[in-house]
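The values are calculated or read from the model by the stated rules, or taken from the named source; none is laboratory data. Please read all numbers here as calculations on a predicted model, not as lab measurements. Note: ideal-geometry Cβ built from the backbone for every residue, glycine included; neighbour counts use all protein chains shown. Only protein heavy atoms, including side chains, enter the accessible area calculation; ligands, DNA and RNA are left aside. Shrake-Rupley method; radii C 1.70, N 1.55, O 1.52, S 1.80 Å.
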Amino acid sequence: MTPAEIAVLAASGESETLEFKVTTGMLREAAMTVFAFLNQHGGKVLFGVTQAGAVVGQQVSK
């Protein structure tokens, strides 16, 4: 997924198939969301995006 595609998704806001997580520190919450998506019609979790839809990115390390 390109940065432009992420920006478009972020601008559309959260929905039943799209959820934002600011950091991978929210991995537990993201896992619960993924499980819910798997039980429905699928979806996407974007890390590095605020609840307001601002793309903030994050540092990734080992």
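Sequentially through segment 3-12, phi angles give Karplus couplings (6.51, -1.76, 1.60; θ = phi - 60°) of x, 5, 5, 5, 4, 5, 4, 4, 5, 6 Hz, Gly and Pro residues having no value and appearing as x. Remark: relative contact order (the chain) = 41 percent; criterion is Cα-Cα distance under 8 angstrom and separation of 6 or more residues. Spin-label model, GLU14/PHE35: points 7 Å from Cα along the beta carbon direction are separated by 1.8 nm. Shown are PHE47, PHE35, whose ranking by accessible area with a 1.4 Å probe and every protein chain present, most to least, is PHE35, PHE47.
Across the chain, Cα-Cα distances exceeding 20 Å account for 23% of all pairs. Dipole check for the chain: with +1 at the C-beta of Lys and Arg, -1 at the C-beta of Asp and Glu, and the Cα centre as origin, the magnitude is about 240 Debye.
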